[in-house]
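Here's the structure we're looking at; comments come further down.
The values are calculated or read from the model by the stated rules, or taken from the named source; none is laboratory data. Here the structure is a predicted model, which is why all the values come from computation and not from measurement. So basically every Cβ, Gly included, is an ideal-geometry build from the backbone, and we count neighbours across all protein chains shown.
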Amino acid sequence: EERIHAKEHAELVARRREEEILFRKYLEELTSEKRANKEIDDVAVEEARLEHERKLRAREELEAHQREQLMKDVIDGRRQQIAEAEAKKRAEKEEELAWRRANEEDMELARRQLDEKLRMATEASLRHRAELEAQISERKSRLGDGDVSSGFVDVDVERNE
């Protein structure tokens, strides 16, 4: 019985050693698997972090591009406003210049017409004076040098001069 007991005990010890070896092997595999999973998790976390940073940079670049585009649109809009304002000013100046030219032409025409009327009035006045002088001469020659001259005629002649 002691032999059986010793044999059983030896088998038990051998089984325990095998179990311990299997348990250690299991622990090593489990630890190795956990380490591998941790490394995989670390890689996944790092990849996720890198992906997040890439998306963040892409969003920042997009926002920067949108800001640049907005500024460009604002600048283009302002340039267009300035160009429109300048075109309006040029049109107003051209309109004013055309008005001034027309006004100057009208004034020149009015001046020429006035000069012509003045010339005609002067000619008429000179003709009238010549007629009056002729009448006075004729009266003097008909009546003699006596009472022919009157102050009225002299005043009228002086006024026309």
Of the residues Ser137, Ser149, Ser141, only one is assigned to a loop (DSSP other than H, G, I, E, B), of a type outside the set (Val, Ile, Thr), surrounded by 10 or more Cβ atoms within 10 Å (Cβ to Cβ) and modelled with pLDDT under 95; which? Ser149
Every residue from segment 95-134 that is of a type in the set (Val, Ile, Thr) and within 40 Å of the chain's Cα centre (by Cα): none
